[in-house]
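Engineer: Just passing along the structure, written as structure tokens.
The values are calculated or read from the model by the stated rules, or taken from the named source; none is laboratory data. Bear in mind the structure is a predicted one, so any value in this text is a computation, not a measurement. Please note: Cβ atoms are built from the backbone with ideal geometry, for glycine as well, and neighbour counts cover all protein chains shown.
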Amino acid sequence: MDEHGCGIASCLSLLQGRYSSGLIASTFSYGRLTIPWGVSPLTDHLLSSQAFDIVHDGASVLRSDKVRWLAEWPEALQLLRVCLVGAEKDRNCCRCEKCIRTILSFRAWGIPKPECFEFDASNRQIIGLKYFHEPLFYGYAAIIKAARQNGQTGSWIRAVQISMGINRLRQVVKSLLARVNQGAAKHNKHSPPLRE
């Protein structure tokens, strides 16, 4: 995820014969720039050339606010594609982490599931999500915050909290295993070879 901004900029640059600039959508608002990620309003403009400007767009608002504005755009609700893993690239799989996170973002505002998502997210799917990147924990916390601010209720909010707890535990276990493996590797490096 650290390099996707460069990939987007290189694809946008292919269009410089017809356009003078390309937009890279923000992942985080200005208040969360301390999280290292593949796009940033601090560096995306450095991917520009003399013939084509790269512009980082949308860091002044939170993802949840973007979802609220999308709800006012019927074409977006029909055509929005967020899925990165589904086999069919012209639709959202409605099962991957990003699809479910986006569905929940709409839910936090009390907006019915958009047409671009064929299926809704179940509590079982929410609890079963697997993620390790810190920005995703921030994203789910923002969904819970938006839901509370908008008076949303339902078992899905508790499912998000459970999912976050499980994934925090996975993160701790993964970190501990990495330390154990690192210690074992150091021990084996400094130990004399065993004699038969």
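Engineer: What is the number of the single condition among (1) at pLDDT 90 or above; (2) loosely packed, with under 14 Cβ neighbours inside 10 Å; (3) over 24 Å from CYS11 (Cβ atoms); (4) charged (D, E, K, R) that ARG81 does not meet?
Structural biologist: Condition (3) is where ARG81 drops out.
Engineer: Is it fair to say SER48 is surrounded by 14 or more Cβ atoms within 10 Å (Cβ to Cβ), out of contact with any Phe, Trp or Tyr (no Cβ under 9 Å at 6 or more places or on another chain), within 22 Å of ILE100 (Cα to Cα) and outside the structural domain of ALA147 (by TED's automatic domain parsing)?
Structural biologist: No.
Engineer: Taking the stated definitions as given, is VAL67 within 25 Å of SER40 (Cβ to Cβ) and either among the small types (Gly, Ala, Ser) or surrounded by fewer than 20 Cβ atoms within 10 Å (Cβ to Cβ) (or both)?
Structural biologist: Considered against the rule, which asks whether it is within 25 Å of SER40 (Cβ to Cβ) and either among the small types (Gly, Ala, Ser) or surrounded by fewer than 20 Cβ atoms within 10 Å (Cβ to Cβ) (or both), VAL67 comes out as no.
Engineer: State all residues of the range 1-34 that are outside any helix (DSSP H, G or I) and touching a strand residue (DSSP E or B) at 6+ places or on another chain (Cβ under 7 Å); if no residue qualifies, say none.
Structural biologist: Of everything in the range 1-34, those that are outside any helix (DSSP H, G or I) and touching a strand residue (DSSP E or B) at 6+ places or on another chain (Cβ under 7 Å) turn out to be LEU15, SER20, SER21, GLY22, LEU23, ILE24, ALA25, SER26.
Engineer: Which fully enclosed helices (runs of 4 or more DSSP H) of the range 35-141 have 1 or more residues being within 27 Å of THR153 (Cβ to Cβ) and under 14 Å from the mean Cα position of the chain (by Cα)?
Structural biologist: The qualifying helices (runs of 4 or more DSSP H) are 63-70, 97-108.
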